[in-house]
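Have a look at the structure below, then the notes.
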Amino acid sequence: MLADLIDWYQTLSPGSVSRAAVFYAPDARFIDPFNDVRGVKAIEGIFLAMFEELDAPRFKVVECCRGEASAMLRWQMNFRRQDVAFEIQGVSCIGFDPNGQVCRHEDYWDPAKALFMGIPLLGWVLRKLYSRLSATVKSL
């Protein structure tokens, strides 16, 4: 089932979003930096909105770790927005119910680094903030 889920993510299209109910439990929870929803229809809505807002979004799962009732997927998402190419690196923590369906899907990625650094004034502020918060490593 996990291999089928990964294949669905990597071939996701507006036409295949409706297959979410094959993989997600009816009351599944989906969380990412911008959303926290419950239910297959709400999850489908997030994926459909992605196709409405972004040009040619594509996921590629680059690593998978499977536990007994969970999996972690490290992925890369590529898309275009207003003729600008973006690449986001992230991780999905997925929990499965006893039927093998996804009951919890939580995405971790850095929207500031992935999306906002390119905005002139905001990007400058974020780069300064990141610089101040980064650890200073002294060589021996």
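What follows is calculated from the coordinates using simple rules that are stated; it is not laboratory data. Source: prediction; values computed, not measured.
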Sorted by chain and then number, the residues having a modelled amide H within less than 5 Å of the amide H of residue 96, at least 5 places away or on another chain, are 70, 103
Whole-Hz Karplus couplings 3J(HN,Hα) for region 14-21, θ = phi - 60° and coefficients 6.51, -1.76, 1.60, Gly and Pro as x, run x, x, 9, 4, 5, 7, 3, 5
Here region 64-76 yields Karplus 3J(HN,Hα) values (6.51, -1.76, 1.60; θ = phi - 60°; whole Hz; Gly and Pro given as x) of 9, 10, 10, x, 5, 10, 7, 8, 10, 10, 9, 9, 10
In whole Hz, the Karplus estimates of ³J(HN,Hα) for region 53-61 (6.51, -1.76, 1.60; θ = phi - 60°; x where Gly or Pro) are 8, 10, 8, 6, x, 9, 9, 10, 7
